[in-house]
2 protein chains.
Amino acid sequence: MGKERVAIIGSGNWGSAIARIAGQNAKIHADVFEERVPIWVFEEQVDGKKLTEIINTTHVNAKYLPGIKLPENVVAVPDVIESVKDATALVFVLPHQFLGGVLQSLEGKIEKGVKAISLIKGVDVEGSDIHIYADVIEKRLGVSCSALSGANIADEVAIDKFSETTVGYRKKEEGELWQRLFATPNFRVNIVADVAGVSLCGALKNIVAVAAGLVDGLEYGNNSKAAIMRIGLIEMKNFCLEFFDDVKVETFLEESAGVADLITSCLGGRNRKTAEAFVKTKKPFDQLEKEMLNGQKLQGIHTAKDVHNFLHSRNRIEGYPLFETIYQICWHDTPVDKLTARL
Amino acid sequence: MGKERVAIIGSGNWGSAIARIAGQNAKIHADVFEERVPIWVFEEQVDGKKLTEIINTTHVNAKYLPGIKLPENVVAVPDVIESVKDATALVFVLPHQFLGGVLQSLEGKIEKGVKAISLIKGVDVEGSDIHIYADVIEKRLGVSCSALSGANIADEVAIDKFSETTVGYRKKEEGELWQRLFATPNFRVNIVADVAGVSLCGALKNIVAVAAGLVDGLEYGNNSKAAIMRIGLIEMKNFCLEFFDDVKVETFLEESAGVADLITSCLGGRNRKTAEAFVKTKKPFDQLEKEMLNGQKLQGIHTAKDVHNFLHSRNRIEGYPLFETIYQICWHDTPVDKLTARL
């Protein structure tokens, strides 16, 4: 058997942080992986230079992970089809709004037997249908797709601060392969047979992080914040058990992807911070997205809307009072001090 | 059947906060409870006056819960035997080091059929024996004893900020009685058939809070803190399942007494704060106890020692690497940057 050839699709903050680890491990586990790790970089100009050129000469992603050296075997490639040529192990780590276009480019060009893993946050909701992105990738490309999620603020992972993550796999040998690609002494990778649970945790926790930010804005204190986080974790678990097959309860309550990612998102994180500002400044979210997030969308409030639409179409809103309250506060005129009224 | 006659044994910060709620609810549920709620107050002089007199005239516990009005039906009693006279529902809410003396005074004076509830933190370890205080109370007084624990910083509960708690009961009707005594719209009480789990959460989480404080002192960031909290929660659960019968996994992972109390203790709280200072100031804990806690003991490090001694006597230290690491850092010369080495 030949060596695994890894390709990384996406080079934002998290993509660059994870490429650094994958590049290091491809060298360390040279018996398993080809050393060269191509990374697809959406070409843009940074200070008058092409971002791919900057990465391939300075080995720093100056725009999205400044100050962090990438291993030299991580090679930036501006063409997505070129980046995955001959790859046997595809790492999808890009914002979900770009996934459709990338899959369209790659469709029909990926060999049978190729493995993939999704590090994409969010869920794909259309009416009463809901899909995780690992399933979307699997269906479009005909590959087996795992998922990785955990308490992983990219800037902390990039400087080797101790953290953990969770890989949900379809087949155990695939989980073990991804573990070998990503695990380091300070980035612990646990593997579980639960692709959906791992993926959904990463999406739904952002709603809870918005709730935690509202509590902070209201200055309700740590008891309230802990209570809201506990209720959120239970709604996350119940949602997944109700609407997805084969989800494991332990993923939510024992894994980094579950309780630990919830904690880190509710302590720091942009969802928490922006929701706090929503209460304190009384500015609407679209204005805060411009002012605080460079115009990027705040995931938590959009996931709250997706989940509301889905639950509405299934006539199951009353089963998820915290999710619904966050939706009503963020998208309608429900006063924020009604946060606990329905719980 | 006559009405329940509540007595509260203990009047510190938490005892006073919970007496305020019990006094209010005794009036609201006048069909169930006698209105008068005696509270045993360890007599001391405050500004030249007896603390019981201050409470009974101003209705404020000026020493331990200043600024908060207690209902007038909460009556301070300096004699512990007098305080429980004719009581049918005993609330034990005092530091564990005073429990032995109180039980000695009460032994033989409590009627059969009286119910009790323990709000006492900690565990009673002697060699290879470990007991929760609800069991200690039950055995000494011959009463059925529930337990209450949760994400309940007393000062926040005292001003009606939204929070939750958990009552572990032996018999469901007892759980429901305590729920009626303590539940308010902003203090939600969930009841579970798990006295040991609820009690042990309240003790063991203090070890994890020390660990969280060490992470804060080391400035490892939120990923690491979330990882340590997750590992701590799993060790709490495993410890209880290994050494106690009838503990329910859900208590740790879904109840306020479990995950939520862990969160609030690791966000705020004296254990976290003092452990952070231990790293930053390099002062020993006994000095920090004097400087930061008015000479009071830091529960987390003492529980870590109790748990270490117990695990050592059972030859099971290797099953609990986080608990053991905290013990070694706090009580021996293990450098704090070895925090994650054994995990």
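The values are calculated or read from the model by the stated rules, or taken from the named source; none is laboratory data. Bear in mind the structure is a predicted one, so any value in this text is a computation, not a measurement. Note: ideal-geometry Cβ built from the backbone for every residue, glycine included; neighbour counts use all protein chains shown.
Can you run down the residue pairs with Cβ atoms below 7 Å, 6 or more apart or on separate chains, where the first is in the range B:253-265 and over 9 Å from A:Val259 (Cβ atoms) and within 7 Å of chain A (Cβ to nearest Cβ) and the partner is acidic (Asp, Glu) and buried (at least 24 other Cβ atoms within 10 Å of the Cβ)?
B:Ser256/B:Glu164; B:Ala260/B:Glu164
Tell me which residues, restricted to the range A:201-219, are touching a strand residue (DSSP E or B) at 6+ places or on another chain (Cβ under 9 Å) and either surrounded by fewer than 24 Cβ atoms within 10 Å (Cβ to Cβ) or farther than 20 Å from B:Val259 by Cα (or both).
Listed by number, the list holds a single entry, A:Ala203.
Select from the range A:208-229 the residues that are within 7 Å of chain B (Cβ to nearest Cβ), part of a helix (DSSP H, G or I) and either closer than 25 Å to A:His131 by Cα or of a type in the set (Ser, Thr, Tyr) (or both) and list them in ascending order.
A:Ser224, A:Met229
I'd like the residue in the range B:33-42 that is in contact with a helix residue (DSSP H, G or I) (Cβ under 6 Å, 6 or more places away or on another chain) and assigned to a loop (DSSP other than H, G, I, E, B) and, out of all such residues, is farthest from B:Leu103 (Cα to Cα).
That would be B:Glu35.
Could you check, for the range A:74-95, whether at least one of its residues is within 21 Å of the chain's Cα centre (by Cα) and of a type in the set (Gly, Ala, Ser)?
yes
Which one of these is among the polar types (S, T, N, Q) and at pLDDT below 95: B:Ser83, B:Ser128?
B:Ser128
Six or more apart or on different chains, Cβ under 8 Å: which pairs go from a residue in the range B:320-337 that's in a loop (DSSP other than H, G, I, E, B) to one that's among the charged types (D, E, K, R) and modelled with pLDDT of 95 or more? Could you list them?
As it stands, the answer is B:Tyr320/B:Glu235, since those pairs meet every condition given.
Yes or no: A:Ala275 more than 8 Å from chain B (Cβ to nearest Cβ), crowded, with 18+ Cβ neighbours inside 10 Å, part of a helix (DSSP H, G or I) and among the aliphatic types (A, V, I, L, M)?
yes
Give me the residue from the range B:156-186 that is closer than 22 Å to A:Val336 by Cβ and not β-branched (Val, Ile, Thr) and, out of that set, farthest from the chain's Cα centre (by Cα).
Only one residue tops the list, namely B:Pro185.
Test of understanding: among B:Asn56, B:Asn61, B:Asn25, which residue is out of contact with any Lys or Arg (no Cβ under 8 Å at 6 or more places or on another chain), assigned by TED's automatic domain parsing to the domain that holds B:Ile137 and buried (at least 18 other Cβ atoms within 10 Å of the Cβ)?
Checking each option against the conditions leaves just B:Asn61.
Yes or no: A:Val198 touching a helix residue (DSSP H, G or I) at 6+ places or on another chain (Cβ under 7 Å), among the aliphatic types (A, V, I, L, M), touching a residue at least 40 places away in the same chain (Cβ under 8 Å) and more than 14 Å from chain B (Cβ to nearest Cβ)?
yes
Is there any pair linking a residue in the range B:90-117 that is within 19 Å of B:Ala196 (Cα to Cα) to one that is basic (Lys, Arg) and in a strand (DSSP E or B), with Cβ under 9 Å and at least six apart or on different chains, and which?
B:Leu90/B:Lys115
Scan the range B:184-195 residue by residue and report those that are away from chain A (no Cβ under 14 Å) and not in a strand (DSSP E or B).
Within the range B:184-195, B:Ala193, B:Asp194, B:Val195 qualify.
Out of all the residues in the range A:115-125, which are within 11 Å of the chain's Cα centre (by Cα) and either modelled with pLDDT of 90 or more or within 18 Å of A:Glu242 (Cβ to Cβ) (or both)?
If the condition is that a residue be within 11 Å of the chain's Cα centre (by Cα) and either modelled with pLDDT of 90 or more or within 18 Å of A:Glu242 (Cβ to Cβ) (or both), then A:Ser118, A:Leu119, A:Ile120, A:Val123 are the ones that fit.
In this structure, is A:Gly202 assigned to a helix (DSSP H, G or I) and under 29 Å from A:Gly67 (Cβ atoms)?
Spelling it out, A:Gly202 is indeed assigned to a helix (DSSP H, G or I) and under 29 Å from A:Gly67 (Cβ atoms).
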